[in-house]
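The values are calculated or read from the model by the stated rules, or taken from the named source; none is laboratory data. If you're wondering where the values come from, they're calculated on a predicted model, not measured in any experiment. So basically every Cβ, Gly included, is an ideal-geometry build from the backbone, and we count neighbours across all protein chains shown. Only protein heavy atoms, including side chains, enter the accessible area calculation; ligands, DNA and RNA are left aside. Shrake-Rupley method; radii C 1.70, N 1.55, O 1.52, S 1.80 Å.
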Amino acid sequence: AAGRRWGRRQRVLLWGVLLAAWEAAWGQLRYSVPEEMPKGSFVGDVAKDLGLQLPELRDRGVRAVSEGRTQYFALHGKTGHLVTAERIDREQLCRLVEKCVLRCELIVEGEMRFYEIEVEITDINDNAPTFREPEKEMRMSETISPGARFPLIEAQDPDSGQNSLQSYELSGDEHFSLAVQEGPGGDQRPELVLKKALDREEAASFDLVVTAVDGGDPARSGTVQIRVNVMDANDNPPVFSKRLYEVQVAENLPPGSLVLRVRATDADAASNGRLSYSFGNVPDTVSALFSVDIESGEVRTAGSLDFEEKNKYSFGLEARDGGGLTGHCEVRIDITDENDNAPEITVLSLSSPVSEDAPVGTVVALLKVRDKDSGENGQVTCELSGEGPLSIVASSGGSYKVVTASALDREQAAEHRVTVVARDRGSPALSSRIELVLEVSDVNDNAPVFEEAAYSAYVRENNVAGALVARVSARDADAGANGLVSYWLAGGSAGAAGAAPLVSVEARSGAVYAQRSFDYEQCREFALTLRAQDGGAPARSSTATLRVFVLDENDNAPRVLWPAPAAGAGPAAAAEPPAFEVVPRSAEAGYLVAKVVAVDADAGRNAWLSYELVQASEPALFRVGLHSGEVRTARAVSDRDAAKQRLVALVKDHGQPALSATATLHVVLAESLQEALPELSERPPGADAAAELHFYLVLALALLSALLVLSVALAVLARLRRA
């Protein structure tokens, strides 16, 4: 028997695979698998049906997600097969449904796509028919005519299709036979038929066995023992006011709520006319949800009614008099839907983080929204609440896509929080919400920006090499390596001064250092271009200018231009007559004698010059202008003043400390140049010694020449004599 069941399972699996291949060709996957298969059993070859290669299953992040909390299926990563993740009991999942179908989604993360998969759970004959009561006692009047029918207890078989209840069999006595009537829902209702008249005096009771048989292979069966007690005559059975009672009630009625009231009458009197109400042959599901009052015939709720579980109930009620006669009616209850289920939101896939350069319309999330209610109560609309560049787009089958509605900018918002609100159309409407957090990843779309477009720096000359000149800073709004800024020299006049550049820049800090000592007199200012570059690929950069101003130090003494200083030292310089000025003896006070001209290579206060007379043959005769350098007579020239005057002027700047130079001026007091010539013809001190030295030099040169001529002559004579 076990081998036959396994062969049947193999045949069902084969037909399921063929059906799946046909459905995949039409864009939807459907498989079939028997119930009670062990965990890991093969359901279908998803990779083959979708045309996916095994490496793509791992690279694209393909996974299977079942509806509800329990995951019944899984995707085998190595084979690409859809397999069972749990043992599936069809009777537990779909006990009220003829066709048991489980749905799941195959999500392809890399493509942000999903495929719907339907798996039909086929029934196997794992349940035998059972009766609600193992024994049943019936009472019949001996006056009942042959042909009378008496409803029996219905057997229940959770299996479906061919494995469900198929037939009833009766054994026990020839007074009775078995008939089967088909109910409104297609169910089989057994009835006991009286074939021969009863005689209590011959037989007071009969023991019968009713057997229910299903159509499985092998077949399963269940039995109930029926004892028929023959009663004395009671010739009027109860009669209901209606053969069929129909009513509509809303789901979620509290237990104990009145559903309907049935009424039956009996023409007999006394105990034969006293009626009691009870359920007929009803399944356990009906007796668990409804109750009937034995005296009043009121049908009330005993449990919670759920439209989503079952929306129609049909069962029989029985009225029995004191004599054992019964009457029967049919009750049909329709359950109307109430908006008692809020929409359920399931996030199938979330692509986070997403690059900030993602184009508009990029799918960032896949959602599935379900509402168990029906009609308008089950119609759902979705919307996004919260600020963010996202929108929601409806797809097929209750699916939604969350897409980018505008360009993303990580520098403005590194993440976006939006709430998905699903709301049905019931009254009042029910809603549910879920928050989505979308992180934005950075791309290098921002160049570094200097804090200033142009920088200025001031440094004193004669600085030490390596001194800090300036510090620049640039910021990049990007993150990570894209926001890491380094600094470089991009060009400018700094690079052309000498063999080495004047400054260098530290790549990480932006500090600019002097490469050598600056000289204000050679270079008073220079400009250079700095480049800030980030670490992105490709890198972005920006530039700024740095102008460096060299501040002057007092490192240059004044230089006298006139009177010109002596060109050198030695006899030639000593023999050269000094510069002189002729002042008439008739000159009055304030007479302009000469003007001392001097310059200073420094600037500012370091180049401000002042003049003073530090030495003079007649200190009271001359004075010099403090700022002009003009030499004038301080009083009128007299005959007692010496004809030759020597003046020494000091030229001093205003630096700290001050530097100075001297200028010597010779003045001759004479009315005219001819009168001054005798004074000028006098040899200056040391002139005789110089002339004497010059004489001896010439004499030595003449003697050497004569000695050379004599030597040559003697050599010639000696050669001639030998010849």
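Residue count for segment 450-461 satisfying the condition of being under 16 Å from residue 553 (Cα atoms) and loosely packed, with under 12 Cβ neighbours inside 10 Å: 0.
Within segment 604-624, residues that are without any contact (Cβ under 8 Å) to a residue 12 or more places away in the chain reach partners that are hydroxyl-bearing (Ser, Thr, Tyr) and in a strand (DSSP E or B) with beta carbons closer than 8 Å, at six or more positions or on different chains, in the pairs 623/633.
Between a first residue in segment 634-653 that is closer than 24 Å to residue 597 by Cα and a second residue that is polar (S, T, N, Q) and open to solvent by less than 50 Å² (accessible area, probe 1.4 Å), which pairs have beta carbons less than 6 Å apart while being 6 or more apart in sequence or on different chains? Here the result reads 652/610; 653/606, each pair linking segment 634-653 to a residue that is polar (S, T, N, Q) and open to solvent by less than 50 Å² (accessible area, probe 1.4 Å).
Scanning segment 278-331 for residues that are over 26 Å from residue 224 (Cβ atoms) and not acidic (Asp, Glu) yields 296, 297, 300, 301, 304, 305, 307, 311, 312. From the list 635, 683, the lone residue that is more than 29 Å from residue 556 (Cβ to Cβ), of a type in the set (D, E, K, R), modelled with pLDDT under 85 and over 60 Å from the mean Cα position of the chain (by Cα) is 683. Working only within segment 298-322, note down all residues that are assigned to a loop (DSSP other than H, G, I, E, B), touching a Lys or Arg at 6+ places or on another chain (Cβ under 8 Å) and buried (at least 21 other Cβ atoms within 10 Å of the Cβ). If the condition is that a residue be assigned to a loop (DSSP other than H, G, I, E, B), touching a Lys or Arg at 6+ places or on another chain (Cβ under 8 Å) and buried (at least 21 other Cβ atoms within 10 Å of the Cβ), then 321 is the only one that fits. Take the residues in segment 111-162 that are among the polar types (S, T, N, Q) and part of a strand (DSSP E or B); name whichever of them is nearest to the chain's Cα centre (by Cα). Looking at the filtered set, the residue picked out is 122. Residue 77 satisfies every condition listed in (1) more than 30 Å from residue 230 (Cα to Cα); (2) part of a loop (DSSP other than H, G, I, E, B); (3) modelled with pLDDT of 85 or more; (4) small (Gly, Ala, Ser) except (3).
Here segment 23-39 is the region considered, the condition is being modelled with pLDDT of 80 or more and open to solvent by less than 50 Å² (accessible area, probe 1.4 Å), and the residue that is nearest to residue 346 (Cα to Cα) is 29. The single condition from (1) open to solvent by less than 50 Å² (accessible area, probe 1.4 Å); (2) at pLDDT 85 or above that residue 112 fails is (2).
Cβ separations smaller than 6 Å between residues 6+ apart or across chains give the following pairs from segment 105-119 residues that are under 20 Å from residue 81 (Cβ atoms) to residues that are of a type in the set (Val, Ile, Thr) and open to solvent by 30 Å² or more (accessible area, probe 1.4 Å): 118/101.
For segment 484-502, the tally of residues that are farther than 24 Å from residue 540 by Cα and at pLDDT 80 or above stands at 1. Within segment 421-445, the set of residues being among the polar types (S, T, N, Q), under 32 Å from the mean Cα position of the chain (by Cα) and surrounded by fewer than 20 Cβ atoms within 10 Å (Cβ to Cβ) comprises 431, 432, 441. Restricting attention to segment 582-626 and to residues that are open to solvent by less than 30 Å² (accessible area, probe 1.4 Å) and polar (S, T, N, Q), the residue that is modelled with the highest pLDDT turns out to be 610. Restricting attention to segment 80-96, the residues being touching a helix residue (DSSP H, G or I) at 6+ places or on another chain (Cβ under 9 Å), open to solvent by 20 Å² or more (accessible area, probe 1.4 Å) and outside any strand (DSSP E or B) number 2. In segment 373-393, of all residues being closer than 24 Å to residue 417 by Cβ and not in a strand (DSSP E or B), the one that is most open to solvent (accessible area, probe 1.4 Å) corresponds to 387. Scanning segment 287-297 for residues that are surrounded by 15 or more Cβ atoms within 10 Å (Cβ to Cβ) and either touching a Gly at 6+ places or on another chain (Cβ under 7 Å) or part of a helix (DSSP H, G or I) (or both) yields 287, 289. Every condition in (1) surrounded by fewer than 13 Cβ atoms within 10 Å (Cβ to Cβ); (2) under 15 Å from residue 223 (Cβ atoms); (3) in contact with a strand residue (DSSP E or B) (Cβ under 6 Å, 6 or more places away or on another chain) holds for residue 165 except the one numbered (1).
A quick yes/no check of all residues on (1) open to solvent by 40 Å² or more (accessible area, probe 1.4 Å); (2) in the same structural domain as residue 431 (by the TED database); (3) modelled with pLDDT of 90 or more:
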{"residue": "352", "(1), (2), (3)": "yes, yes, no"}
{"residue": "355", "(1), (2), (3)": "no, yes, no"}
{"residue": "359", "(1), (2), (3)": "yes, yes, yes"}
{"residue": "367", "(1), (2), (3)": "no, yes, yes"}
{"residue": "395", "(1), (2), (3)": "yes, yes, no"}
{"residue": "401", "(1), (2), (3)": "yes, yes, yes"}
{"residue": "404", "(1), (2), (3)": "no, yes, yes"}
{"residue": "419", "(1), (2), (3)": "no, yes, yes"}
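Filtered by the rule that a residue be in a strand (DSSP E or B) and buried (at least 20 other Cβ atoms within 10 Å of the Cβ), segment 329-344 gives 329, 331, 333, 335. Residue 304 fulfils the conditions (1) closer than 30 Å to residue 338 by Cβ; (2) among the polar types (S, T, N, Q); (3) touching a strand residue (DSSP E or B) at 6+ places or on another chain (Cβ under 8 Å) except for a single criterion, (3). Please work out which residue is most open to solvent (accessible area, probe 1.4 Å), limiting yourself to segment 245-273 and to residues that are part of a loop (DSSP other than H, G, I, E, B) and within 10 Å of residue 319 (Cα to Cα). Within segment 245-273, the match that is most open to solvent (accessible area, probe 1.4 Å) is 263.
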